[in-house]
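Computed from the coordinates by the stated procedures, all read-outs in this text should not be read as laboratory data. Remember, it's a predicted structure, so these values are computed and weren't measured experimentally. As a convention, Cβ positions derive from the backbone with ideal geometry for all residues, glycine included, and neighbour counts pool all protein chains shown.
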Amino acid sequence: MQDSGLSILFMGSNFLRLLQGLWVTLQLSLISVAVSLPLGIAFGMFMTLKHPAARIISRLILDFVRIMPQLVLLFILYFGVAHAFGWNLSAYASAVAMLVIWGTAEMGDLVRGALISIPRHQYESAAALGMTGRQTFLEVILPQTVQRLLPPAINLVTRMIKTTSIVVLIGIVEVLKTGQQIIDANRLQFPSAALWIYGVIFFLYFLVCWPVSLLAKRLERRMN
Amino acid sequence: MKKTGILRKTATAALMAAAVTMAMAGCGSSAKGSTGVTGSSTADSTGVTGSSTADSTGDAGSSTAGSAATDQTQTASTFRSLDEIKSSGKIVIGVFSDKAPFGYVDDKGNYQGYDVYFANRIGKDLGVKVEFVPVDPASRVEYVATGKADLMLANFTVTDERAQKVDFALPYMKVALGVVSPDTAPVKSVDDLKGKTLIIAKGTTAETYFTKNYPDIRLDKYDQYADAYNALLDGRGDAFSTDNTEVLAWALQNPGYTVGITSLGDEDTIAPAVAKGNKTLLDWVNTEIQTLGTEKFFHADYDATLKSFYGDAADPDSLVVEGGKVE
């Protein structure tokens, strides 16, 4: 078995540790997605406001998050904030905050895009039928928006799951870091460990993201 | 070092991050005047680097698990004094989790290695539990400077640059740089590196040394050790340089690779680090190292953790420092 790096998986509690790591990844993703989606919807609606102040604010927030690499944002939240204000956010809190800030901005832009893509005549037709503004939004605009929003939103969810991997750099031991620890501890006996372990991690990420995109497909089909 | 520089600059940007957070938090409820207040406090705190501003204490301690620190102590410092550590019953120690044989995690999920062996002894002598934080080379200074780790025991080489940001205790090991390369194209001197690519891990002494002394050599930089080694194995670079202890151990176990340069640059020492100004903890660690020297603790540590890695390739006395005295 000297050559088979896969046997490392079954040494000690390695596989269990990888699964525990995966659970950390999942937890981070679930919390961040659950918070980002509603916040993002609210932010997206805010972005469509015509008021100049609202436009400037939303533009600033969006550009700030867009320009800033997620890793830099993470370091600012974890180390920068501690330097500047003395707020010691835990690694976990910083990671969630980073994902939420980024996820909200991205989701907001998707919602904005979906909202303004609804043609003007939809509003006008609704008005012609005597619907109130509230009715127009809830019964005409919203269903069409959701339909357009679904594919990019699901895409964002899988991107968020994958982005959780950068939290290893502030010491959170999730699936990737666990994998690296296993690779390193066995590097000497099993030089090919990297290939196998990264392969397994790839498969684990796939296991998480695949159901999400399956769900998206089903939802889309149902809507059409 | 570079990373910290960037962080300093982005301290101003942190204001914006905070503003974003607030704006988002305030999204549902109507916006409060609080963003303005934050703005003014940042202006002060960026000028006075390091020391935390008084008005932020309210939000501070909440996330530091287990710290029963009062607002007053939080205002004074971001680090925890010896008494605070003792009363919390736990010391947070930064170690590597992917750098065998100094700090790594075994297949049962336990931390092991030369640094970890020492860390466990510190915990025992202090009478507190040890909580390990896994760190990466480039973030070690920040962990200590921001108080996210009380003590850093991550193969931390003492440099003047780092000493400006953290306080080093007495050394417990000494190293120089080494360069490992494949047998087929061995790198035996720095001249051999001309026109080749050298792999290094970000934030290590190797990065500083080559950037300063040999700016012509092309460097391929990686955030994590695991990635740097994989890069060498994959042939993405011609050689890899980091501490000689590390490359010696690695080359011994990886047939086909040799350490062509075993000692490069100045001989450096490796020492524990604490936050700047954390005198109580620093003094305790120094006394501890001196006391441990009388029982040859670090030789025992070497035998328990490093010997199986180096075999006859290294002499313990050329690596281990007892009682903080470098001969």
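List of remarks:
- Length-normalised contact order for region A:24-100 - Cα pairs under 8 Å, 6+ apart - percent: 37 percent
- By the Cα gyration tensor, region A:5-223 has an equivalent ellipsoid whose semi-axes, rounded to whole angstrom, run 41, 23, 11 from largest to smallest.
- Spatially proximal lysines relative to B:LYS196 (Cα-Cα < 23 Å; intrachain offsets below 8 disregarded): B:LYS188, B:LYS212, B:LYS221
- Averaging 1/r over every pair of different alpha carbons in region A:3-81 and inverting the result gives a Kirkwood radius of 16.3 Å.
- Estimated FRET transfer efficiency when R0 is 35 angstrom, pair B:ASP303-A:PHE10 (beta carbons, to 0.05): 0.70
- Using Cβ point charges alone (K and R +1, D and E -1), the dipole size of region A:70-160 about the Cα centre works out to roughly 40 debye.
- In straight-distance terms, cross-link reach from B:LYS279 covers every one of the lysines whose alpha-carbon lies under 23 Å from its own, apart from those fewer than eight places away in the same chain; here that gives B:LYS86, B:LYS90, B:LYS124, B:LYS129, B:LYS148, B:LYS165, B:LYS325.
- Above 19 Å, the calculated P(r) of region B:176-268 contains 27 percent of its Cα-Cα pairs.
- Formal net charge of residues neighbouring B:VAL179 (Cβ-Cβ distance under 15 Å; K, R +1; D, E -1): -4
- Projecting the Cα positions of A:PHE202, A:VAL167, A:LEU138 onto the charge dipole of chain A (unit charges on Cβ atoms of Lys, Arg, Asp and Glu, taken about the Cα centre) puts A:LEU138 furthest along the positive direction.
- Computed magnitude of the charge dipole of chain A (debye, nearest 20; Cβ of K, R +1, Cβ of D, E -1): 480 debye
- Descending by average beta-carbon neighbour count within 10 Å, the peptides A:213-221, B:112-120, A:201-209 line up as B:112-120, A:201-209, A:213-221, the highest first.
- Positive-end ranking of A:MET47, A:SER36, A:LEU6 along the dipole of chain A, with charges on Cβ about the Cα centre, is headed by A:MET47.
- For chain A, the longest principal axis of the C-alpha atoms and the axis of helix A:14-47 are separated by about 20°.
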